[in-house]
1. Would you grab the residues whose amide H sits under 5 Å from the one on residue 17? Only those 5+ places off in sequence or on another chain, please, with H modelled 1.01 Å from N.
2. Work out which chymotrypsin sites (Phe, Trp or Tyr not before Pro) in the chain are exposed loop sites (DSSP not H, G, I, E or B, at most 12 other Cβ within 10 Å) and give the longest gap free of them.
3. Angle between the Cα long axis of helix 40-62 and the longest principal axis of the chain, 0 to 90 degrees, nearest 10?
4. Using volume of the Cα convex hull per residue in Å³ as the read-out, say which of [x] 186; [y] 138; [z] 125 was calculated from these coordinates.
5. Of the trypsin sites (Lys or Arg not before Pro) in the range 1-44, which ones lie in a loop per DSSP and count no more than 15 other C-beta atoms within 10 Å?
6. Between 0 and 90 degrees, rounded to the nearest ten: what's the tilt of helix 70-93 against the longest Cα principal axis of the chain?
7. Using a Gaussian network model of the chain whose springs link C-alpha atoms within less than 10 Å, name the residue from 50, 60, 15 with the highest mean-square fluctuation.
Amino acid sequence: MQCRNCSAEIADKALICYRCGTPTTEAKYKPPAPRPPASRASLVATVLALALLVLAAIFLGRVPSGQTPRVVTWVIVAVAIVIVVLRAYARRRR
């Protein structure tokens, strides 16, 4: 068999040409397409969510220990869960 690039004589079972390195057949598997970069809205939502969580942490740091209202705690947990779910949904859509 002859190399289609440099015309060197190579073995019939060769995968690449020993002289120029050209493959003798097409690849069976092609690499996946690169992911598009994260959208600007996704970045803004993440920064906003982190800012809200920081503000909640500051608020909880100023409240005397054991006196945090349960509603505040549940709201913070709910916001964290919503952030995680929305980020997972956004990743699946890509």
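Coordinate-derived values only; no laboratory data. Keep in mind the model is a prediction, meaning the values are calculated, not measured. Cβ: placed from backbone, ideal geometry, glycine included. Neighbour counts: every protein chain shown.
1. 22, 24
2. 30-94
3. Long axis of 40-62 versus the principal axis of the chain: about 40 degrees.
4. Label [x] holds the value from this structure.
5. 4, 13, 19, 28
6. Long axis of 70-93 versus the principal axis of the chain: about 20 degrees.
7. 15
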